[in-house]
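Written out below as structure tokens is the structure these notes cover.
The values are calculated or read from the model by the stated rules, or taken from the named source; none is laboratory data. Here the structure is a predicted model, which is why all the values come from computation and not from measurement. As a convention, Cβ positions derive from the backbone with ideal geometry for all residues, glycine included, and neighbour counts pool all protein chains shown. Surface areas here come from the heavy atoms of the whole protein model, side chains and all, with no ligands, DNA or RNA. Shrake-Rupley method; radii C 1.70, N 1.55, O 1.52, S 1.80 Å.
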Amino acid sequence: MRATLFPFQETALADLHGKIQKAHTMWSEKDPQVISLSAPTGAGKTIIMTALFEDIIFGHACGVAEPDSVFVWLSDMPELNEQTRLKIESKSDKFRTRDIKVIDSSFDAEYFTPGTINFLNTQKLGTDKLLTGTGDDRQYTIWQTLANTAKRQPKSFYVVIDEAHRGTSTPQAENKAQSIMQKFIRGGEEDELPIMPLVIGVTATPQRFQKLVENSSSTVQKVIVPPENVIESGLLKDRIIIHFPELALGADMTMFKEAVVNWKKKREHWAAYCAHEDIKNAVRPILVVQVEDGSEREATQTDLASCIVTLEELIGRKLKPGEAVHTFDRHETVSVNDLEIHSIGASRIEKDENAMVVFFKMNLSTGWDCPRAETMMSFRRASDSTYIAQLLGRMIRTPLARRVESDAELNNVALYLPFFDEATVKTVEQALRDSEAAIPAETGTHKSLITLKRDPSFADVFSAMDLMTYRVDAARKQPALRRLMALARALTQDRIAPDTRPATLKKVLDEFDKEIAAIKASGKFDGTAKAVTALALKTLTIDYGADTASTADSETVALSEFDLMNLFERAGKVLGGGLHMEYWGRHASRDHEDVKIEIIVMTGDTGIMERLETFADKLFNELYDDHKGALKKLKEERKEVYKKLALSSAIPIALTWDLPQTIDFSLGDDAQALDRHLFIPIEGGDFKVSLNDWETGVVKEELKNGAVAWLRNLDRKKWSLEIPYEVAGVTTSMFPDLVVVRSGNYGNEFDVLEPHDPSRKDNYPKAVGLAKFAEKHGEKFGRIQLIRKAHKFGRDIFYRLDMNRTEIRNKVRGVTSNEELDRLFDELAAVAEE
């Protein structure tokens, strides 16, 4: 694969392998199998399936290669198939172009070619189509090809039904497509098509796929990708921000102007970001404009002439041919103000580098992926809210397949709705939640979702920051050996420590030698080697005259070189990073079969692999800590590589806390203005924030006592300070409410303050988490306090337990109940010094 799978995609891939293995075990002609892969729009289902195809054809850690396997990919639109085909070609580094075939009307074969992926669409499978009939120029119908292949190789023939991008537009067309798809699941007597032995449904809506398989005899197994895992991955934008007027008065051209300004700003931000990060193929945002329907005399009732004038005024020049395009049903060119607006296919928009503005009506909600479509304006009325939500679901993918850490503006999608008001906007929000897309973590209006920038008056504070944070990731963890070699390779590639990979490889191979020598010295090696590299054969003799049968003693036969190589390659996939070949190369002067057997035995020994993982985990942490400072100087894309490696550890690893230039922020209806915040509104005006009484009281007390600046540390933001703590043995996260900056004897000091209600069950686990954090990183912070409020002497008083004081920290670490914590507060808590 040219693409690196995200942890949730690796989990789905592993689940698919498990379900396929189970399906093959259970399969019989009377018990056909169906597997449903359901994942929200934006999850990368095609990427997961491409990795599955590669694993099946070329082998993987838990299975040998099956090079004769055949895949048929079925959808209901040729354009969807073409989009999927191109994506598989671009992401796979193993399939050749000739291995990926589009079945057209000239196809005529008894069987599908082994080792191929074949694209087929329902529009070619009607009773009146060439593929479904025979004649002078056709020997086999497509139904016969399917039946023959299924009969010849039932356990290596896979039919994939793409339900994730339904493209049919009318109920009649959809019913016809569904009827054809059901033939693959139920069989078709009139076409002599048997039930396909294994069907994999790829869907964004499990309920819709369930309709396909209901009333069938197939056993259905499910692989489900949770939407929250997709959102967490960075594949989707953080926020959808909806702009609308106070009253739906229809000031459409005024709103269109604002949409163009937003799009122009995104273009400028992306240009600056790509230049800074040395990104060769710079992201070019697209403005998507939904217009009203037309008539026989005009393409649309929307005033396209005024739209073009507004666009050209704001970009300061005339639009060039190809920069404005349309996807109207009529494919002819539309002339507006001497500008020719050409028709373009939806699947071509993303790759068209000239296209900047796309006018459309109602035909972009299915089968269209365009991550660089970042601003949308709709001239349509509030009755179209469901369609608008469906379209937004296609616009929320991030252009770089990762979030941008340094500029919050580039993680947003903007939507402008001049004919909506506050009530009808809520229908769009609800339709988004009801759609098949994994919607961003935040969807709201321009009033509540804002962007803040660093306050330039606190430049010295930001430059003095040298703080640590954590990112507790619940996603799939990588084996330590893989993480270690990936880290060593990255450090060498980025010239941070050029000799790291060879030095690390030597240490790993030395450890292999040590473990193999130890198992040989223990006397266990020969027996294990014989068990995994030899085949025991028994002979059954049947005497027909005597009507008896007898079994002879088994004899041992050495595995063939082919089978031994397969086991060696499987062992290599367990180790990862080509380590099996590196070991083979180190011992190239020895008998090559002996070397392969050593690797096979080593990877099959649980104790050895656990020790190697412990060794690799320790070495990873040492390498990461040694070079942590150098990572700050890397470009963002490379920083993300190291961050992912750190997050894939089973134990949370401390990361440098780098606050970006801009952050996304949320406002409530009760927001109040407060001074000296580290970030201020990017559009100007006072900083406002929603705080509860405790938080407000602590902030005002800190400001009164001379705090230089402060930060409202929002919950679960990518930029927030995050501290791990444990509940019942499970590691989770806390996000302390406040970070306060004070002037100390040796410069600025940074305090972590967490006002916390003592009635909550998580009190003592969070206190212990803060204490452990202080023990590891206390020297980088001033105060690290858990705070409670009490009403005494006619006023609110805040009592603070400071984990950066050794006496308090040591006692808090041993706390096992809220009652014990209460006693420590009574004994050791203090009020803030004025």
Condition test on A65, is it among the small types (G, A, S) and open to solvent by 10 Å² or more (accessible area, probe 1.4 Å)? yes
When residues of the range 500-537 are limited to those that are open to solvent by 80 Å² or more (accessible area, probe 1.4 Å) and in contact with a Leu (Cβ under 9 Å, 6 or more places away or on another chain), the one farthest from D594 (Cα to Cα): K507
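For (1) open to solvent by less than 10 Å² (accessible area, probe 1.4 Å); (2) assigned to a strand (DSSP E or B), each residue gets a yes or a no:
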{"residue": "W694", "(1), (2)": "no, no"}
{"residue": "L703", "(1), (2)": "no, no"}
{"residue": "G706", "(1), (2)": "no, no"}
{"residue": "L714", "(1), (2)": "no, no"}
{"residue": "W719", "(1), (2)": "no, no"}
{"residue": "Y725", "(1), (2)": "no, yes"}
{"residue": "T732", "(1), (2)": "no, yes"}
{"residue": "V740", "(1), (2)": "yes, yes"}
{"residue": "S743", "(1), (2)": "no, yes"}
Tell me, which residue of the range 258-294 that is open to solvent by less than 50 Å² (accessible area, probe 1.4 Å) and either more than 27 Å from V404 (Cα to Cα) or of a type in the set (G, A, S) (or both) is modelled with the highest pLDDT? A259
The number of residues in the range 303-345 that are assigned to a helix (DSSP H, G or I) and either within 30 Å of E79 (Cα to Cα) or open to solvent by 10 Å² or more (accessible area, probe 1.4 Å) (or both) is 11
For residues in the range 99-113 being touching a residue at least 40 places away in the same chain (Cβ under 8 Å) and surrounded by 17 or more Cβ atoms within 10 Å (Cβ to Cβ), which is farthest from W73 (Cα to Cα)? Y111
Here are R489, R483: which of them is of a type outside the set (F, W, Y), closer than 21 Å to L655 by Cβ and either modelled with pLDDT under 95 or buried (at least 18 other Cβ atoms within 10 Å of the Cβ) (or both)? R483
If you check D686 against the conditions, is it more than 26 Å from S457 (Cβ to Cβ), charged (D, E, K, R) and open to solvent by 20 Å² or more (accessible area, probe 1.4 Å)? no
Checked pairs for the range 821-834, first on the phi < 0 side of the Ramachandran plot, second part of a helix (DSSP H, G or I) and open to solvent by 60 Å² or more (accessible area, probe 1.4 Å), C-beta under 7 Å and 6 or more apart or across chains, list as L821/Y764; L824/K811
(1) surrounded by 17 or more Cβ atoms within 10 Å (Cβ to Cβ); (2) assigned to a helix (DSSP H, G or I) all hold for L120 apart from (2)
Residues (surrounded by 12 or more Cβ atoms within 10 Å (Cβ to Cβ) and either in contact with a helix residue (DSSP H, G or I) (Cβ under 8 Å, 6 or more places away or on another chain) or part of a helix (DSSP H, G or I) (or both)) located in the range 825-834: F825, L828, A832
Restricted to the range 1-48 and to residues being outside any helix (DSSP H, G or I) and aliphatic (A, V, I, L, M), the residue nearest to I231 (Cα to Cα) is A43
Every listed condition ((1) open to solvent by less than 60 Å² (accessible area, probe 1.4 Å); (2) closer than 22 Å to Y470 by Cβ; (3) modelled with pLDDT under 95) holds for A650 save (1)
Taking the criterion of being open to solvent by 40 Å² or more (accessible area, probe 1.4 Å) and either at pLDDT 90 or above or farther than 15 Å from E163 by Cα (or both), would at least one residue in the range 34-57 satisfy it? no
Could you tell me whether the range 815-824 includes any residue that is closer than 18 Å to A707 by Cα, assigned to a loop (DSSP other than H, G, I, E, B), open to solvent by less than 60 Å² (accessible area, probe 1.4 Å) and not basic (K, R)? no
Residues of the range 195-212 satisfying the condition of being surrounded by fewer than 20 Cβ atoms within 10 Å (Cβ to Cβ) and either outside any loop (DSSP other than H, G, I, E, B) or in contact with a Gly (Cβ under 8 Å, 6 or more places away or on another chain) (or both): P206, Q207, R208, Q210, K211
What pairs come out if I take residues in the range 72-96 that are assigned to a helix (DSSP H, G or I) and pair them with residues that are of a type in the set (S, T, Y) and open to solvent by 30 Å² or more (accessible area, probe 1.4 Å) whose C-beta lies under 9 Å away, six or more apart or interchain? E79/S347; L80/S347; L80/T366; E82/S347; Q83/S347; L86/S347; E89/T97
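The rows are residues; the columns are (1) over 23 Å from R482 (Cα atoms); (2) polar (S, T, N, Q); (3) part of a helix (DSSP H, G or I); (4) touching a Pro at 6+ places or on another chain (Cβ under 8 Å).
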residue: E613; (1), (2), (3), (4): no, no, yes, yes
residue: D617; (1), (2), (3), (4): no, no, yes, no
residue: F620; (1), (2), (3), (4): no, no, yes, no
residue: D625; (1), (2), (3), (4): no, no, yes, no
residue: K633; (1), (2), (3), (4): yes, no, no, no
residue: A646; (1), (2), (3), (4): no, no, yes, no
residue: G685; (1), (2), (3), (4): yes, no, no, no
Taking L505 as meeting all but one of (1) under 27 Å from Y583 (Cβ atoms); (2) touching a residue at least 12 places away in the same chain (Cβ under 8 Å); (3) part of a loop (DSSP other than H, G, I, E, B), write down the number of the exception. (3)
Take the residues in the range 346-355 that are within 27 Å of the chain's Cα centre (by Cα) and open to solvent by 30 Å² or more (accessible area, probe 1.4 Å); name whichever of them is farthest from R85 (Cα to Cα). E353
Does any residue of the range 660-667 turn out to be closer than 30 Å to L449 by Cβ, β-branched (V, I, T) and touching a residue at least 12 places away in the same chain (Cβ under 8 Å)? yes
Closer than 29 Å to A414 by Cβ, of a type in the set (V, I, T) and at pLDDT 95 or above, is that true of I680? yes
With K87, K94, K176, K183 as the choices, which residue is at pLDDT below 90, over 23 Å from S38 (Cβ atoms) and open to solvent by 20 Å² or more (accessible area, probe 1.4 Å)? K176
Residues in the range 213-257 that are in contact (Cβ under 8 Å) with a residue 12 or more places away in the chain, assigned to a loop (DSSP other than H, G, I, E, B), open to solvent by 50 Å² or more (accessible area, probe 1.4 Å) and not aliphatic (A, V, I, L, M) total 3
Would you mention how many residues in the range 774-829 are under 19 Å from E702 (Cα atoms) and among the polar types (S, T, N, Q)? 2
